[in-house]
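What follows draws every value from the coordinates through simple rules; no lab data is involved. Not measured: the values here are computed from a predicted model. All Cβ positions, even for glycine, are placed from backbone atoms using ideal geometry, and neighbour counts span all protein chains on display.
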Amino acid sequence: MNDLSAFAGPSIEWLSISPLLALLAGALILLLVGSLTNEWPKHWYSLSAVATSVVAIALSVVLWRDVSNDGAKLLVGGSLTLDHFALLGSIAICFAVLLVSLITSDYLSRGGSDAPEIYALYLTAAIGAVVMISSNDLVVLFLGLETLSLSLYLLAASNRQETASQEAGLKYFILGGFASAFFLYGVALTYGVTGTTRLIDLNTALTSYISVPRNDVILLIGIGMILVGFAFKVSLAPFQMWTPDVYQGAPTPVTAFMASVGKVAALVALMRVFVVAFPSRSDDWGVVVLVLSAATLVVGSVVAIVQTNIKRMLAYSSISHAGFILVGLEAASHRDSVNAGDGLVAVGVYVALYAALVVGTFGVVTVVARNSSSEANSLDAFKGLAKNQPILGLVMTVFLLAQAGMPLTSGFVAKFGVIQSAVAVGSYQLAVIAMVCAVIAAFVYLRIMVSMWLSDSATTEKVSVPMLSRVAIGLAVAFTLLIGFLPSLILDLTSNLAELATK
Amino acid sequence: MIAASSQVSSFPILSALVVLPLLGSIIVALLGKSRPEWVKLGALISSVTTGALSLWLLAAFKSGEAGFQFVSQHLWISQWGISWHLGVDGISLFLVVLTGILFPLVIVGIDPHHNETSYFAWMLLLQAGVMGSFLALDLFLFFVMFEIVLVPMYFLIGGWGYDQRVYAATKFFLYTMAGSAFMLVGIIATVALAQRDLGVITFDVVKIAEGASFSTNAARWLFISFAIAFAVKVPLFPFHTWLPDAHTQAPTGGSVILAGVLLKMGTYGFLRFGVYLFPQAAIWARPVLFTLAVIGIIYGAIAATMQRDLKRLVAYSSVAHLGFIVLGTFALSSQAVTGAVIQMVNHGVSTGALFLLVGMIYERRHTREIAELRGIQHVAPIFAGVFTVVMLSSVGLPGLNGFVGEFLILIGSFESARWWTIVATVGVVLAALYLLWAYQRVFHGEPDEANSSFKELNAKEGLLMAVFVAIILFTGIYPKPMLERIEPSVNSFIEHVEGRTK
C-alpha cells in the first residue's frame, strides 16, 4: 500500500479559484442552512443565489484585472487555467445564473413551491460549467461536465407534477450519458496515443514526435469521439434530437438555464480543447466542424419554421445559434492564417452576449406562458400580447430582433464577429451559409412577432410581470441594447481574449 | 466624390437629420400613454423640423462642388475601424431633401385611423433609418441603417395595411434581409481585403474606394454580393415579386414612403457603393444589369397594363421606372448618371403622389378596383386635374419633371448601351399606354350611382397635392438648379470610374 502521507498535493492559489469557491459556498449554504431552517421568506432563496453570483462575478472581475496585468497562467498543478477566455465565460455563466434565479423565484412562488434545492442546483451546475471552461485537462473537464450534466438532469425533471418534465429529465439523462461515454472513450484513446490528458501537453506530444500512422488513426478516432461528445452536449446536428423535447418539457426557467449556462460551458470548453490540444490536427477537424456547423445551421433554422410551440421554436433557434458559434471555431481551425485568433474572440463574445439574450427571451416566455404545459407554450399564448402590453411586447421584440441579428442589438455584434472571423480566414462559403440560415431563422422570429403585434388576443387579461422577473428581463434587455449601440464596451475587453493560458 | 474637398461644418446638421427623427420617435412613443392627444403634434414638430433642416441643407449646399459637404465623423467602434461618418454630395443631396419633405407630408396628410402612437413612432424611426442610409459614408453604418429600416416598415405594413398585410410584410422583410445577408459578407470581405492595401482596418467607403485595389476576381464576387442586396431593394427583375404585394397591402403612407424613398436606397446603393467601390466589376456585370433593367421596364409596363387594382398598377409602374434608373446608373456616362439621380427624385415625387391619390380614392370609395370606378372627372374635376398632372409627370411628358430624368437617361445610355436603350424607349410608350388607359377608365365616362358622390379634394388634400404639383412643374420647367448641384459630383464620380477602368 502506498503511504498516503508521502502524497504532496499541488500548491493552490486560493484567490485564483475564488469564483469557484464562492459558488460552492453559496450552494452549500443554500442546501445546508435551507434544509435545517424553516421556510425562508419569499424570494430569499433566490436572492442568496443572486448574491452568490454577484460575488463570483466580482471576484472574476478582480481576477480579470490580475490577468490583464500579470498575464494568463495555469492553476492547481496545471489542471485549471486562468485567462480572459475562461473569465469571460465565468462572468457570462454567473450573470446567467443571476438572471435565471430571479426568474425562477417568481415562477416557483406562483406555484407555491419555492425551495432551496433548485437554486443550489443552479450553483452546482455553474461550478461544473466554470470548471469545464477553465480546465486544462481532459479528465478535469470531464469532472466539470458531469457536475454540470447531473445538475441539469435533476433540474430538467424538477417539476414533479408534470410528466413532461419527468420525461425531459429522463431523456436528457440517457442521451447525456451516451454523450459522456463517447467523450470519455475519446479521452481514453487520446491518452493511449499521447500518454497525457493535459491539453497543453497533448499539443506538445502531438507536435514533438512523429506519430506512426496506426496511432494517428486511433488519435483521430479519439478526437472524433470527443467531438461527438461535445456535439451531443451543445446539440449540433445530427446530434440535436433531444434538444427540442428536453427544452419543451423542462420548466421554462430551467430551459433558459440550459440554453445559456449549458451552451456557454460546452462551447467554450469545446473551443479550448480543440484550439489548445489539437491544433496540429486542425486540417482534419476543421473540415468536420465546417460540416457540423453548416448542418446545424440548416437544421436549426429550417426545422424551426414548422414548430408551433414557442419553446420548441426557441430550442431550434438555440441549435442554429450553436451552428453560428461553430463558424468561429471553424475560423480558428485555419492555423496558417494570421487571423485565426479572431475566431476565438468571436466565439467568446458570441457566447457571452447570447447567454444574456437567451435568458431574456425565455424569461419573457416564462412570464407569458405561466406554466410549462404545451397549451400554455403554444404560439397562441403570445397572440395580441403587444396590444395588451406594449412594453412587454416591445421587450420581446427587441430580444427576437437580436436573435435574428438585427443591427443595434447585441445579436448583431455577435453575428458580425463570427462572420468577420470566417471571412478573415477565407471561409466565405460558411459565412454565406450562416447568413442565409440567419434569414431563414428570422422567419421564425417574425412569426412570433406577428402573433404578438398583428393577431388579436383571445383574452384581454393582462399578464402580470412580477418584480424579480421584471428586474431580470430589464437587465437582459438593457444589456442587449447597450452592447448593440456601443459594441466597443465588450470589444475593448475581449481584444486579447485569444491569449490562452499555456504556462 | 473626392474626400479632400470635404468641409467641416460647425453645426452637425447631418447628424441632426438622423438623430432628430429618432428622438421624435422615442418621444412620441413615450407620449402615447400619458398624452395621446399630443402624439400627432409631436410627430409633426419632429418631421417638420427635419424637413426644414433638409431645406436649409439644400440652401447651404455649395453648388458646383463635387466633394462631400457637411461631413461629420466620429469614431464609433474603434476596434473594427467603424465610425459615424456622414456626408452629403450632389448624388445624395436631393434624396435627403426628398426624405425630409416626404415624411412631414405623409404625416400631415394621411390619417392612420388607429393606433396613432405606434404608427407615428414607426414612421419617424423609418425616417431616421432612411436619412442615415443616404448620408452614411461608412459601410458598417450604411448596413446598419439599410437593415434597421426593415423593422419600422415591417410594422407599418403589418399593422396598418390591408387584408393580406401579414403575408406582404413578412415577404418584404425576408426578401430584403436575404439580400442584405450577402451584402454583409461582402462588406466584411471588402474591408478585410482593403486592409491589405490600406494597412488599417476601416469601413470608410471613400478611403476604400480611393485607396484599395481588388483583384479582378475578388472585385467581381464582392460586386455580386452588393448587387444582390440592391437588386432586391430596387427591385430589379426577377427579384421584384415582393414589391407588388408590399405596395398593395401597405397603408397609403407606407406605400408613399416605400416608393418615394425606400426603393431609392437600392439604386443609390448601386451608385454609391456598388459602382464606386468596384467600377471594373460593375462594367463587367453591366450587360446582365442592363438586360434585367430593360426586362423590368417592359415587364413592369405590360404587367401594369393588365392590373385591375389601381394600386397594383402603380406598383408595377414602379418596377418599370426603376428599370430606367438602373439603366442610367450603369450606362456610366455623365448624362445618364445625372439623369438617374434626377429620376430617383422624380419617381419619388410622382409615384409618391400617385399613391397618395390612389389612397384618397380608396378613402372615398373603399375600393381600388378600376372596374368599380368611373366618370370621376365629372364629379371631382380638380382631383382629376391633379391626377392628370401627376400621371403625365410619371409618363414623362416634356415640361414636367419626369421628362428631364428619362430624357437624360436615354441620351446618356445610347452611347454605351444602344440596343438596350432602344428597347427601353418602347417602355416610355407603354407607360403612356397603361397610365392613360387607366385614367380613361377611372375618370372618363358617366359616373354611376356609387361614383357620383365622389368628393372633391378638400383644403388639406389640396394643399398637400399642391406641394407635389409645384415640385413637378418646377423641376420640369427649370431643372437647372438641380443639375448644377448634381452634375459636379456625378462628373467626379465618372472620372473616378474611368480612372479605375483604364
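Per residue and in Å³, how big is the convex hull formed by the alpha-carbon atoms of region B:280-497?
104
Cα centroids of region B:195-230 and region A:317-390: how far apart, whole angstrom?
31
Could you work out the relative contact order of chain B, using alpha carbon pairs under 8 angstrom and six or more residues apart, expressed as a whole percent?
RCO, chain B: 15 percent.
Please give the calculated 222 nm ellipticity per residue for the protein assembly as shown, where each DSSP H segment of at least 4 residues contributes -39500 (n - 2.57) and the sum is spread over every residue; nearest 500 deg cm²/dmol?
So the helix-based figure for the protein assembly as shown works out to -24500 deg cm²/dmol.
For A:94, A:437, which order do you get if you count the other beta carbons within 10 Å of each Cβ and list the fewest first?
By the 10 Å Cβ count, ascending: A:437, A:94.
If you line up the long axis of helix A:340-369 against the longest principal axis of chain A, both from Cα atoms, how many degrees apart are they, to the nearest 10?
Helix A:340-369 sits at roughly 30 degrees to that axis.
Check which residues have an amide H placed less than 5 Å from residue A:136's amide H, if you skip close sequence neighbours.
Here A:80, A:81 satisfy the definition.
Estimate the FRET efficiency between residue B:45 and residue A:66 by the formula 1/(1 + (r/R0)^6), using the beta-carbon distance for r and 51 Å for R0, to the nearest 0.05.
That pair, residue B:45 with residue A:66, gives E of 0.45.
Could you let me know the centre-to-centre spacing of region B:374-404 and region A:250-270, using Cα atoms, in angstrom?
Spelled out, the Cα-based centre of one part sits 63 Å from the other.
If r is the Cβ-Cβ distance from residue B:63 to residue B:308 and R0 is 56 Å, what FRET efficiency results, to the nearest 0.05?
E between residue B:63 and residue B:308, to the nearest 0.05, is 0.75.
Of all beta bridges DSSP finds with both residues in the protein assembly as shown, what is the antiparallel percent, to the nearest 5?
Antiparallel bridges: around 95 percent, rounded to the nearest 5.
What is the Cα coordinate range of the protein assembly as shown on the first, second and third principal axes, sorted by size from largest, in whole angstrom?
110, 66, 50
Per residue, how much space in cubic angstrom lies within the convex hull of the C-alpha atoms of region A:15-494?
Output value, Cα hull per residue: 128 Å³.
Grab the eigenvalues of the alpha-carbon gyration tensor for region A:238-395, scale each by 5, take roots, and send me the semi-axes largest first in whole angstrom.
In descending order, the three semi-axes are 33, 15, 13 Å.
For region A:79-85, take each phi angle, set θ = phi - 60°, evaluate the Karplus expression 6.51 cos²θ - 1.76 cosθ + 1.60, and give the result in whole Hz per residue in order, putting x for glycine and proline.
9, 10, 10, 10, 9, 4, 4
Using the Kirkwood formula over every pair of different C-alpha atoms, what hydrodynamic radius in Å results for region A:312-397?
Hydrodynamic radius (Kirkwood, Cα only) of region A:312-397 equals 15.0 Å.
Kirkwood hydrodynamic radius of chain B from all distinct Cα pairs, in Å?
22.5
Could you tell me how far the Cα centroid of region B:430-502 sits from the Cα centroid of region A:160-193, in Å?
Here the two parts' Cα centres lie 68 Å apart.
What net charge do the residues around residue B:370 carry, taking every other residue with its C-beta under 13 Å from that of residue B:370, with Lys and Arg at +1 and Asp and Glu at -1?
Result for the local shell: +4.
In degrees from 0 to 90, rounded to the nearest 10, what is the angle of the helix A:263-272 Cα long axis to the longest principal axis of chain A?
Roughly 20 degrees between the two axes.
Bins of 5 Å, beginning at zero and ending with the bin holding the largest distance: percent of Cα pairs per bin for region A:432-478, please.
Once binned at 5 Å, the Cα pair distances of region A:432-478 give 5, 15, 12, 14, 22, 17, 9, 5, 2.
In nanometres, what is the gap between the two model label sites at residue A:338 and residue B:201, each 7 Å from Cα along Cα-to-Cβ?
So the two model labels end up 1.3 nm from each other.
Would you mind computing, in nm to one decimal, how far apart the modelled labels at residue B:79 and residue A:160 are, each placed 7 Å from Cα along Cα→Cβ?
Placing both labels 7 Å beyond Cα along the Cβ direction yields 4.7 nm.
Any idea what angle helix A:116-134 forms with the longest principal axis of chain A, computed on alpha-carbon atoms, 0 to 90 degrees, nearest 10?
Around 40 degrees separate the two axes.
Put one equal scatterer on each alpha carbon of region A:175-273, apply the Debye formula with no solvent term, and list log10 I(q)/I(0) at q = 0.13, 0.20, 0.21 1/Å to two decimals.
For the requested q values the scattering log ratios are -0.52, -0.97, -1.03.
Under a Cβ-Cβ cut-off of 13 Å, what is the net charge of the residues other than residue A:178 that fall near it, where Lys and Arg count +1 and Asp and Glu count -1?
Overall, the nearby charge balance is +2.
For region A:15-494, what relative contact order do you get, as a whole percent, if you take Cα pairs closer than 8 Å and at least 6 residues apart?
Computed over region A:15-494, the figure is 15 percent.
Taking only C-alpha pairs under 8 Å that are 6+ residues apart, what is the relative contact order of region A:262-393 in percent?
Relative contact order comes out at 24 percent.
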